[in-house]
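Please read the structure below before turning to the comments.
Just so you know, all these numbers are worked out from the coordinates, no wet-lab data involved. Please read these numbers as outputs of a predicted model, since none were measured by experiment. Ideal geometry is used to build each Cβ from the backbone, glycine not excepted, and the neighbour counts take in all protein chains shown.
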Amino acid sequence: MKKSFFYICLCAFFLVSCKKEIEKISDTFKDTVSSSEVAEVEKDSLKKDSVPVVKKESVPPVIQENGFYNAFVLPKDKKMRDSVYAEFSKKYSVEERTAILALNRLDSKSKWNADTLVVPAKIDTTLMAYSPFPMQLDVLSGVKKFVIFSYPIQAFAVYSNGSLIKWGPTSMGKKAAQTTRGLTFANWKKKLAISTVSSEWKLPYNFNIHNIGGIGWHEYTLPGYPASHSCLRLLRKDAQWLYSYADTWILNPGGATTKARGTAVMVFGDYKWGGRKPWRNLLDDPNANNISVEELTKLLEPDVPKMLKEQSNREKVADSIKAAKAAAPIQNEKRVEPLSN
């Protein structure tokens with residue numbers, strides 16, 4: 001009897017010990033899983049909170065989320081080419097065709113220069129959905145008007161207080177006559193200028209940005225690559241728009257010296273001569289041509305103080321001229337002598 005009681009007590013002791021050990025192991029496992037899950041959640045949270053913020057800031061959201069491009073191949077044979085282009089003309093309206101050609105840095109006269117056209121799946125005739133430039137640049141928040149030209153992607157953009165309001169195609173200086181890089185300011189403008197290189201070249205809506213070098217932007221042929229003699233070629237509608245938008249310089253009496261500078265203009269970067277045309281890369285990656293906020297901020301930050309200084313000076317000069325003009329009639333009235341009887 002004593003032996004049986006002893007064995008029963010011994011078994012009970014082992015059962016209680018095993019239960020406690022199992023509970024201890026179970027609790028440890030729960031704690032481990034719980035802490036690893038928290039760490040994983042925190043890790044995922046960090047990923048979600050950090051990466052997209054930079055990307056959304058750096059690339060246009062429409063293209064990033066919805067956009068893609070297709071290739072419209074034009075055959076070499078002229079008859080087949082005419083037939084294919086006829087179909088192209090039926091499929092797209094004049095405005096849509098203009099937008100497609102602009103994305104390929106072409107105008108209607110140069111449409112045959114390409115063997116392949118990059119065509120967006122959804123056509124936005126304003127081109128804003130396909131902008132390679134950031135929609136917002138905080139570094140330019142104080143700059144009221146700013147025009148920038150990118151050599152690498154042969155495109156221009158216009159910013160007003162840091163917000164992108166327009167962009168489009170350009171054809172800049174060819175390899176042997178490249179456009180001067182760096183910050184400059186708009187000078188004078190003329191609705192129809194004659195080139196200093198050849199009197200046969202008519203330059204509609206010309207806006208000079210380098211007076212001595214005779215460099216400016218104007219309407220001229222866009223052949224799908226850098227082809228100018230240093231100037232910045234534009235589509236006519238873009239040249240007209242910029243002609244009205246940008247401010248000219250203000251000269252001192254006599255016109256020998258500048259009293260105030262015009263709109264700030266920047267030309268930057270290098271073109272990959274002989275390489276694949278940059279816009280063709282959109283077929284592989286719709287964001288291939290995008291310029292990040294970070295890149296442009298680094299480029300522009302050193303020159304922003306100068307832009308603001310010139311902008312402030314121009315406003316003061318313009319205001320003083322307006323005030324002088326407003327006061328002129330009053331002064332003339334005072335000088336008029338009464339008629340004698």
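Summed over all non-identical Cα pairs, the Kirkwood treatment of region 69-144 gives a radius of 14.0 Å.
Charges were assigned to the Cβ only: +1 to each Lys and Arg, -1 to each Asp and Glu. The resulting dipole of region 229-270 about its Cα centre is roughly 120 debye. Dipole check for region 191-262: with +1 at the C-beta of Lys and Arg, -1 at the C-beta of Asp and Glu, and the Cα centre as origin, the magnitude is about 100 Debye. Converting phi to 3J(HN,Hα) with the Karplus coefficients 6.51, -1.76 and 1.60 and the offset θ = phi - 60°, region 168-177 yields x, x, 8, 10, 9, x, 5, 4, 7, 9 Hz in sequence order, with x at every glycine or proline.
Close amide H partners of residue 188, meaning residues 5 or more places away or on another chain with modelled amide H under 5 Å apart, are 208, 249.
So what is log10(I(q)/I(0)) for region 247-289 at q = 0.17, 0.18, 0.19, 0.34 1/Å, when the Debye sum runs over its Cα atoms only? Listed by q, the Debye log ratios stand at -0.64, -0.66, -0.69, -1.09. Ranking 123, 163, 149 by Cα position along the charge dipole of region 90-181, where only Lys, Arg, Asp and Glu carry charges on their C-beta atoms, puts 149 farthest toward the positive end. Spin-label pair residue 326-residue 252: with each label point 7 Å from Cα along the Cα-Cβ axis, the two points sit 2.7 nm from one another. Computed over neighbours whose Cβ is under 11 Å from that of residue 183, the net charge equals +1, Lys and Arg +1, Asp and Glu -1. Using the Cα gyration tensor of region 81-211, with a ≥ b ≥ c the square roots of its eigenvalues, what is the shape: rounded (a/c below 1.5), prolate (a/b larger than b/c) or oblate (neither)? Oblate, since a/c reaches 1.5 and b/c is not below a/b. Here's how it looks for residue 222: its modeled amide H is under 5 Å from those of 107, which are all 5 or more places away or on a different chain. For the pair residue 244 and residue 87, a Förster radius of 30 Å applied to the C-beta separation gives a FRET efficiency near 0.20, rounded to the nearest 0.05. For region 137-216, the alpha-carbon radius of gyration amounts to 1.20 times the rule-of-thumb value 2.2 N^0.38 Å expected for a compact globular protein.
Calculate the tail of P(r) for region 222-317: the fraction of all Cα-Cα distances greater than 24 Å, expressed in %. When all Cα pairs of region 222-317 are counted, 46 percent exceed 24 Å.
Across region 147-154, rounded Karplus estimates of 3J(HN,Hα) from the backbone phi angles (6.51 cos²θ - 1.76 cosθ + 1.60, θ = phi - 60°) give 10, 10, 10, 9, 5, x, 10, 6 Hz, Gly and Pro being marked x. Under the convention that each Lys and Arg Cβ holds +1 and each Asp and Glu Cβ holds -1, the size of the dipole of region 72-120 around its Cα centre is about 160 debye.
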